[in-house]
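Working notes, structure below.
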Amino acid sequence: MCGRSEPTTRRAFLKSGFALGSALLGTSPRRSIASPASLANAPARKSRIVIARDPNLQKGGASLDSSRLLKLLDRAMQASYDCDSPTEAWKKIVRPGEVIGLKVNCLAGKGNSTRPELVEAICERLREAGIKEMVIWDRLNADLESARFRIVERGSGVRCFGNDTLGFESELATYGSVGSLLAKTLTQVCDAVINLPVLKDHGIAGVTIALKSMFGAIHNPNKYHVTVGDPYVADVNMLPPFRQKVRLSICDATNAQYEGGPSYMPQWTWPFNGLLVASDPVALDYTGWQIIEKKRAEMRMKSLKALKREPAYIATAADAQHGLGTNDPKRIERVEV
Amino acid sequence: MKSQHASFRAGAYDAAPPCGLEPLMSAQASAAPPTGGGPSRAGANNLDRRTFLKAASLPCLAACAGGLAGARPGVPLLALPPAESDAQFIKEAKFYEKLPYKKIKCKLCPRECAVDDKERGYCGVRENRGGTYYTLVHSRVVTAHIDPIEKKPFFHFLPGTLAFSVATAGCNVNCKMCQNWEISQVRPEQVRSSYVPPPNLAAVAKQNACPSIAYTYSEPIIFYEYMADAADAGHELGVKSVVITGGYIQQDPLKKLCRHVDAIKVDLKAYSEKFYKEVVNGELKPVLETLVTLRKQGVWSEVVYLVVPTLNDSDQEFTGLARWIKAELGVDVPLHFSRFHPEYLLKNLPPTPVETLERAKAIADAEGLHYVYIGNVPGHPAENTYCPKCRKVVVARVGYTIEGVHLRNGKCQYCQEPIAGVWRA
């Protein structure tokens, strides 16, 4: 049994009623599953971010305990959706018959990319929730392989490939300052996407967590690293397929990096032993950024603001024009489990 | 003198070069004989046998290009073999600094991208691999055409000749009006390409009776290493090299480039930093410095200014531009005011009114510039070159076609006034 305890406002009730009606009429196949933006715009509801940690997750700093990771994932998901079982929680996100994209971030190779063990755990729970087709996906096949994923381009079940397998759409998607071709994996293959970023510093954009990880789904990310990624990161996430399909972000913070990113720099990586889960990517990014700043302060390093790489795109993503979520701590419900 | 490239006569001005870069105009379309409306001013009877055969062969070559043409519908290409492997295009880049922790700083363009391991610069074609910076586009040709040099446009450099024109993917700016964004704003692996090493490029240019190779369509600065090597290979066979660029380059590589090439056309996209920041994603100042350096280095240069309605079309900008050119470059530098057509991210604006272009020309003329042209308006009298002294037409043009040249040894045949330019190979 699942449930969240916030009181339902008239507006929220009407909105949910409309969604249900649409689903019954078949006009909206993804009706009752709230998008991050709609969650953020709901006036009475805070954006919940669950931080789940297990100090014994990693043995000797490198070897990950898969069974503990699965339990950690379950705790995080149940806390996120107020459910008694992980399967119930996953059923609130996906529905049988959908093709679920698992957008990983593998730029940093095996050092600090989304862990295959985490993806494996998610696939297991998705299967239990009735999902038969999953696509693990990122920029390039080579990136995926460097992060210990195995390329599987065909067949049913779990596939895994980079954008170089299917390529990009031929028509530009535009919003604000961006004009990009979108990965066909996003537009044509996946019905819904679960974003699986990592928690790390970025030498140009400040941090790279949930929002920026979507640069891996466009053809021209190199154009959008100027001006600390602002407003480009926010604008990319406004493109309709992202808004319509990305339902949840699970940030792999088993290891986190507070300096020297996005490449893997072991000297600036620490075992956070956690997962950050949110349907609001802005709240997740804001919270992750604060975790990195806290670590930088502990290590007596300058703040990102002092280094002129404060991730201003997070605030832009939260502004009235974008409305992708909230970066207001008062509107973020932080749950630690 | 009749142009030898009458077959290329434009009828495809709808493919105008919004970012100042020449468009990837279909050779097939431009090679087709005029249809309807009676004979053109450079009618089919102007074709000699050789030109006719060349024109007729282009569509066939394009068809042979197979997958290449398929990558960009409507853009026929010369038949070049598909690339066999990515590795053959990769060479260590010039102009960068190694930084700690396997980072690098690119020193090719003023952007000075700081690039992490496994990342690329803004151009998308130069990549850091383990602390060494590589170009990914050496000899990686994504498109090749035989164009009249007037299409670049060069009006004072070997008029009436053909330029073997090539590009790789990539660009170091991102103009919202770019017409060639499908190759300039993509990564090299996102478009099909052919392996054309410098000696082959020079040879094919010579075989096709092109006195010059043009590096164009995208931004040649980002394939600097290939361009420099190809220019050297061309010179060994007596083929010149011309560059069509936005001019956003650092001084050191620019000065070195001047030793390799014969002419450079610079797209000065506006005379305001605001436009460069908001529309180009670049800076004006380094481009102006480029133009001054070209002048000092003695490389023949021409300037194109694409007039975009409401964004860079004020009298103040035209006046400032003309005065700056007169003061810094001299009155003999050709200045082309080109007509904008809505493309890419600026589809909301109309084409430039011809009156606006005429206003720009009038202002530049009044400031004393000798050679001010209006581009992308076929048949406009401002396509011609007029002698600055006697005002008679010394080079008559219609579109990309030369109708007549009235020069003798680089001087007006009527009054003997020297006409600036490179008139003979």
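FYI, it's all coordinate maths here, none of it is from the lab. Worth saying up front: this structure is predicted, and the values here are computed from it rather than measured. Cβ: placed from backbone, ideal geometry, glycine included. Neighbour counts: every protein chain shown.
Any idea what the dipole of chain A comes to, in debye rounded to 20, about its Cα centre with Lys/Arg Cβ at +1 and Asp/Glu Cβ at -1?
500
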Notebook entry, point to check: Whole-Hz Karplus ³J(HN,Hα) for the range A:315-321, in order, using 6.51 cos²θ - 1.76 cosθ + 1.60 and θ = phi - 60°, x for Gly and Pro?
Noted result: 5, 5, 5, 8, 5, 5, 5
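Once the cut-off is 23 Å, how many percent of the Cα-Cα pairs in the range B:175-266 end up in the long-distance tail? Before the final figure, lay out the partial values.
Details: 1111 of 4186 pairs.
Distances greater than 23 Å cover 27 percent of the Cα pairs.
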Item checked: Global size of the range A:92-170 as Cα Rg and Dmax, reported in angstrom -> 12.5, 36
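About the Cα centre, and with charges only on the beta carbon of Lys, Arg (+1) and Asp, Glu (-1), how big is the dipole of the range B:139-383? Nearest 20 debye, please.
Values: 24 positive and 28 negative charges, 57 e Å.
Computed about the Cα centre, the dipole is about 280 debye.
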Next item on the list: Calculate the radius of gyration of the Cα atoms of the range B:91-135 to one decimal place, then report Dmax, the largest Cα-Cα distance, as a whole number, both in Å.
Entry: 8.7, 23
Notebook entry, point to check: If you stretched the chain out fully between B:LYS274 and B:LYS206, how much longer would it get, using 0.36 nm times the residue separation minus the C-alpha to C-alpha distance?
Noted result: 20.2 nm
Note to self: What are the ³J(HN,Hα) couplings of the range B:245-261, residue after residue, when phi is run through the Karplus curve with 6.51, -1.76, 1.60 and θ = phi - 60°? Round to Hz, x for glycine and proline.
What the structure shows: 9, x, x, 8, 8, 6, 5, 4, x, 5, 4, 5, 4, 4, 6, 9, 10
Check: At what distance in nm do the modelled label points of B:ALA362 and A:ASP328 sit from each other, each positioned 7 Å from its Cα along Cα→Cβ?
Finding: 5.5
Item checked: Under 15 Å from the Cα of B:LYS152 - aspartates and glutamates, other chains or at least 8 residues apart -> B:GLU22, B:GLU219, B:ASP262, B:ASP267, B:GLU302, B:GLU383
Item checked: Dimensions (Å) - chain A, Cα atoms, principal axes, largest first -> 54, 45, 43
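From other protein chains only, count the Cβ atoms within 10 Å of every residue's Cβ in A:293-306, then give the mean. Don't jump to the answer; show the numbers that get you there.
Values: counts 0, 0, 0, 0, 0, 0, 0, 0, 0, 0, 0, 0, 0, 0.
Average neighbour count from other chains, rounded to a whole number: 0.
Based on the alpha-carbon gyration tensor of the range B:381-425, what equivalent-ellipsoid semi-axes (square roots of 5 times the eigenvalues) come out, in whole Å, largest first?
Values: eigenvalues 53, 33, 13 Å².
Rounded to whole Å, the semi-axes are 16, 13, 8.
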Notebook entry, point to check: Sorting B:HIS406, A:HIS219 on the 10 Å Cβ count, fewest up front, what's the list?
Noted result: B:HIS406, A:HIS219
Item checked: Per-residue ³J(HN,Hα) for the range B:150-161, Karplus 6.51 cos²θ - 1.76 cosθ + 1.60, θ = phi - 60°, Hz, x for Gly and Pro -> 5, 6, 5, x, 10, 9, 10, 9, 6, x, x, 9
Check: Measuring from centroid to centroid over Cα atoms, what is the spacing of the range A:107-129 and the range B:187-239 in Å?
Finding: 45
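Order of A:275-282, A:254-261 by packing, highest average Cβ count within 10 Å first?
On the way: A:275-282: 28.8, A:254-261: 24.8.
Result, highest mean Cβ count within 10 Å first: A:275-282, A:254-261.
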Note to self: I need the per residue convex hull volume for the range A:164-270, using only the alpha carbons, in cubic angstrom as a whole number.
What the structure shows: 99
Checklist line | Nonlocal amide H pairs with B:HIS336, under 5 Å, H built at 1.01 Å | finding: B:VAL303, B:VAL304, B:TYR305, B:TYR373
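Using the count of nearby Cβ atoms within 10 Å as a rough guide to exposure, how do B:CYS109, B:CYS412 rank from fewest to most?
Listing B:CYS109, B:CYS412 from fewest to most nearby Cβ atoms yields B:CYS412, B:CYS109.
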Checklist line | Positive-end residue of A:ALA147, A:GLY203, A:ALA253, charge dipole of chain A with Cβ unit charges | finding: A:ALA253
Next item on the list: Could you calculate, for the range A:224-316, the ratio of the Cα radius of gyration to the Kirkwood radius, expressed as Rg to Rh?
Entry: 0.97
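Quick one: if the Förster radius is 25 Å, what FRET efficiency do B:LYS296 and A:THR227 give, using the C-beta to C-beta distance and rounding to 0.05?
Working: r = 33 Å, r/R0 = 1.32.
After rounding to 0.05, the efficiency reads 0.15.
Using the Cα centre as the reference, give the magnitude of the dipole from point charges on the C-beta atoms of the range A:144-283 (Lys, Arg: +1; Asp, Glu: -1; all else neutral), rounded to the nearest 20 debye.
On the way: 11 positive and 12 negative charges, 61 e Å.
Result for the range A:144-283 is approximately 300 debye, rounded to the nearest 20.
What translational diffusion coefficient, to the nearest whole µm²/s, does the range B:139-383 have by Stokes-Einstein, given a Kirkwood radius computed over alpha-carbon pairs, a temperature of 37 °C and 0.692 mPa s viscosity?
Details: Rh = 18.1 Å.
Reported coefficient: 181 µm²/s.
Ranking B:SER338, A:SER67 by Cβ neighbours within 10 Å, fewest first, what do you get? Numbers along the way, then the final one.
Working: B:SER338 26, A:SER67 9.
Least crowded to most crowded, the residues run A:SER67, B:SER338.
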